[in-house]
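Enquirer: Below is the structure I would like to discuss, written out as structure tokens.
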Amino acid sequence: MLDMAEFYQIEDLKQLCDKFLSKMELNISSIIRLFEISNKYSMIRTKKPIHSFIFQNFKTIFKSDEFLNAEKSIITEIITLGQTFAIKYEEMFQAAYEWSENRAIKKQKELSDENFNMNDAIKVEMQEFLPNIKFNQMEIIFFTEYVVKITNKNGQSIYGLLPKENNAVNVIKSLQDQGYICFYWKTNCEKPSTPSPLKKRIGAKCYLIYFLNGNICVKNAAYITNDHYLLAEMISETDFQYTADCKIEIV
């Protein structure tokens, strides 16, 4: 009925469908499909109860197959609306991560590539969600050994994801508030001898890297060379300015 109303531009019929669907009993298995339909046909009345149902049952829904296999636009909208419905940022991040991991697994199967890097694929999928997640409002214990944060003297921050097993996590934890205009921190370690599993991504703006001498720095992606060891792609919540005296930490 909606398809016909849309095709023939019968607005009254669309409104009747919207009214009918807005009163439907919702359940976990159908909610994502209804969300997609409400977006496709711009059904305002239907969308309100859908939003309420999703965020009242968020922990259950984001574990469902329907959520994990939904279109990215749907997941982005849910993550964006999470704050409005007082969803914890920890839960939003976990939902985004599990969807991204599922998408990366699918790509790996499709490509059948022995060199496929799962961590990199997950990070690429996660990029779109990160600006909607306020890491500074999350419990520190949730992200132990996961997120590296750099804050400038104006209080602006950029973030990057580091795997738990990455030795740089402990190196960063050992650093004090030492910062210079080039975002450079002296360390007592050596750059890994093996190539970085992280590859420079088209469209990336900056990376946290190891220099040849093992020191850590944030560098514009345009100036990354083969001598640099990539640690994490850095993302900002807002416009970010490079200043002196920056703080680096694991949060």
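Any read-out appearing in this document is the output of simple, stated calculations on the displayed coordinates, not a laboratory observation. In this text the structure is predicted, and so the values were computed from the model without any measurement. Because the Cβ atoms are built from the backbone with ideal geometry, glycine has one as well, and the counts that use them run over all protein chains shown.
Enquirer: If a residue counts only when it is crowded, with 18+ Cβ neighbours inside 10 Å, at negative phi and without any contact (Cβ under 8 Å) to a residue 24 or more places away in the chain, which strands (runs of 3 or more DSSP E) contained entirely in region 149-251 have at least 1 such residues?
Expert: Qualifying strands (runs of 3 or more DSSP E): 206-210.
Enquirer: All but one of (1) surrounded by fewer than 18 Cβ atoms within 10 Å (Cβ to Cβ); (2) more than 11 Å from the chain's Cα centre (by Cα); (3) in a helix (DSSP H, G or I); (4) not small (Gly, Ala, Ser) hold for residue 131, so report the exception by its number.
Expert: With respect to (1) surrounded by fewer than 18 Cβ atoms within 10 Å (Cβ to Cβ); (2) more than 11 Å from the chain's Cα centre (by Cα); (3) in a helix (DSSP H, G or I); (4) not small (Gly, Ala, Ser), residue 131 is out only on (2).
Enquirer: Within region 204-232, which residues are closer than 19 Å to residue 242 by Cα and of a type in the set (Gly, Ala, Ser)?
Expert: Answer for region 204-232, where residues must be closer than 19 Å to residue 242 by Cα and of a type in the set (Gly, Ala, Ser): 204, 221, 222, 232.
Enquirer: Only residues that are within 17 Å of residue 160 (Cβ to Cβ) and of a type outside the set (A, V, I, L, M, F, W, C): list them for region 193-214, please.
Expert: 196, 197, 199, 200, 201, 203, 205, 207, 210
Enquirer: Does residue 70 satisfy being over 25 Å from residue 92 (Cα atoms), of a type in the set (A, V, I, L, M) and surrounded by 12 or more Cβ atoms within 10 Å (Cβ to Cβ)?
Expert: No.
Enquirer: Oh, and also: Only one of (1) buried (at least 16 other Cβ atoms within 10 Å of the Cβ); (2) farther than 21 Å from residue 2 by Cα is not met by residue 65, so which one is it?
Expert: Result: residue 65 passes all but (1).
Enquirer: Moving on. Looking at region 21-36, I want the residues that are free of Cβ contacts under 8 Å to residues at least 40 places away in the same chain and have a partner that is in a loop (DSSP other than H, G, I, E, B) and not aliphatic (A, V, I, L, M) with Cβ atoms under 7 Å, at least 6 apart or on another chain. Which pairs are those?
Expert: 28/57; 28/64; 36/71
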